[in-house]
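The values are calculated or read from the model by the stated rules, or taken from the named source; none is laboratory data. These figures come from a predicted structure and were not determined experimentally. Reconstructed Cβ throughout: ideal geometry from the backbone, glycine too, with neighbour counts over all protein chains shown. Calculation scope for accessible area: heavy atoms of the full protein, side chains included, ligands and nucleic acids excluded. Shrake-Rupley method; radii C 1.70, N 1.55, O 1.52, S 1.80 Å.
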Amino acid sequence: MIPAAPLPLQPEPFPAAATASPASAPRWQRLWRDAVRDPRELLGLLGLDAAAAGLSDAAAAGFPLRVPRGFVARMRPGDLADPLLRQVLPIDLEERIVPGFSLDAVGDGAARKAEGVIQKYRGRALLVATGSCAVHCRYCFRRHFPYAEETAARDGWAAAVEAIAEDPSIDEVILSGGDPLSLATPKLAELTARLAAIPHLRRLRIHSRLPVVLPERVDAELLQWLSALPWPVAFVIHANHANEFDASVDAALAALRGAGVQLLNQAVLLRGVNDHVDALADLSQRCFAAGVLPYYLHQLDRVQGVAHFEVSDEQARALHTALAARLSGYLVPKLVREIPGDTGKRPL
């Protein structure tokens with residue numbers, strides 16, 4: 001069991017990367033700093049001031065609100081049930097203690113290989129590159145993760161890179177977090193330069209929500225870094241609803257494709273967000289229109305504080321069957337659940 005982390009849960013997003021003044025920082029960093037952090041401000045921006053009674057100050061203190069203003073602009077004003085708002089708004093239901101929901105729902109603690117390195121499946125090692133993220137999703141399965149003690153970037157990635165170099169069975173490294181694109185590009189380049197010296201690595205995978213919630217992160221410097229990497233790169237974005245896409249997201253994804261990466265999407269099945277076949281079909285089709293292949297539809301990881309998002313396995317299977325009957329096979333993501341100790345994601 002991973003213990004709950006003391007506040008603040010997330011370290012500062014740009015540790016040594018930005019000694020420059022805020023005015024001279026890259027645009028994406030300035031937009032990051034301007035994110036909405038006050039739940040009441042968020043409701044006010046959407047004309048929902050009267051809904052403030054349902055907010056949870058305790059939930060917001062334990063897992064703070066953070067959402068870029070560009071993502072807020074895609075929410076429907078006046079609609080408390082908006083699927084994007086529902087993903088980020090801290091509410092009273094998060095404070096319920098529900099049996100079966102734990103602090104470490106997916107067994108990260110037991111799978112620790114080295115500082116900031118998690119290995120659950122053969123051949124793959126996951127680096128917790130940072131604890132920071134541009135958006136704090138309320139269903140996050142690492143909302144209780146002790147990032148202060150378990151971040152691979154510590155000491156110039158030394159322990160993490162050494163652990164991977166010593167295990168020739170590892171041929172794929174997965175950059176996760178938090179969100180690895182929270183790190184400035186020179187910090188990412190520092191890591192991949194060290195990984196490039198490991199002869200048994202064949203692939204790199206990057207999991208990031210930033211191209212969706214903060215598409216400005218996909219800038220020329222990032223694209224140059226991606227284009228120069230010595231391995232094939234799978235870039236897994238995370239979108240749960242078609243409304244998360246707009247022209248700025250489309251442009252960022254097109255730029256990533258131009259850098260030679262394979263784009264995939266992982267979604268989470270969430271009550272009140274995408275738990276009907278129309279929403280799932282729209283998401284798959286919108287992903288493909290943006291050049292992204294639907295990859296996984298995850299059942300919720302049962303972490304403490306997220307029970308109000310849960311969809312039953314029976315309903316999940318029915319939705320997936322209906323989706324498969326409606327769409328071409330390549331548009332139907334695999335319906336899976338992560339079970340601690342399994343050798344891979346378990347199909348449902």
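Figures for the structure shown
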{"item": "The stretch 313-328 - phi-based ³J(HN,Hα) in whole Hz, Karplus 6.51/-1.76/1.60, Gly and Pro as x", "result": "4, 4, 5, 4, 5, 5, 5, 5, 4, 5, 5, 5, 6, 9, 10, 4"}
{"item": "Rough spin-label spacing in nm, given labels placed 7 Å along Cα→Cβ, for Trp231 and Ala193", "result": "1.8"}
{"item": "Theoretical gain in end-to-end length, Leu45 to Arg326 [0.36 nm per residue, Cα-Cα removed]", "result": "97.5 nm"}
{"item": "P(r) tail fraction, the stretch 94-237 - alpha-carbon pairs more than 17 Å apart, %", "result": "60"}
{"item": "Intensity falloff of the stretch 227-348 expressed as log10 I(q)/I(0), Debye formula with alpha-carbon point scatterers, at q = 0.11, 0.22, 0.23 Å⁻¹", "result": "-0.39, -1.26, -1.33"}
{"item": "Dipole magnitude (debye, nearest 20) for the chain, charges at Cβ of Lys, Arg, Asp, Glu", "result": "600"}
{"item": "Percent RCO, i.e. relative contact order, over the chain, from Cα pairs under 8 Å lying at least 6 residues apart", "result": "18"}
{"item": "222 nm mean residue ellipticity, helices alone, for the chain (DSSP H n ≥ 4; -39,500 (n - 2.57); rounded to 500)", "result": "-8000 deg cm²/dmol"}
{"item": "Leading residue at positive end of dipole, the stretch 42-122 (Cβ point charges), from Pro64, Gly44, Gly116", "result": "Gly116"}
{"item": "Probe 1.4 Å, all protein chains present, accessible-area order of Trp231, Trp32, largest first", "result": "Trp231, Trp32"}
{"item": "Simple label model, 7 Å out from Cα along Cβ direction - Glu95 to Ala158, nm", "result": "4.4"}
{"item": "Cα radius of gyration and Dmax for the stretch 92-143 (Å)", "result": "13.4, 41"}
{"item": "The stretch 110-264, relative contact order [Cα under 8 Å, separation at least 6], %", "result": "21"}
{"item": "Share, in percent, of DSSP beta bridges within the chain that are antiparallel, nearest 5", "result": "25"}
{"item": "Protein accessible area in the chain, 1.4 Å probe - carbon and sulfur %", "result": "54"}
{"item": "Neighbourhood net charge (13 Å Cβ-Cβ; Lys/Arg +1, Asp/Glu -1) for Val311", "result": "-1"}
{"item": "Per residue accessible area in Å² of the stretch 172-282, where ligands, DNA and RNA are left out and the probe is 1.4 Å", "result": "33"}
{"item": "Extension gain (nm, one decimal) between Ala318 and Lys334, 0.36 nm per residue minus Cα-Cα", "result": "4.4 nm"}
{"item": "Förster-model FRET efficiency, 45 Å R0, Asp250 and Ala110, C-beta, rounded to 0.05", "result": "0.70"}
{"item": "Prolate/oblate/rounded label for the chain (Cα gyration tensor, a/c 1.5)", "result": "rounded"}
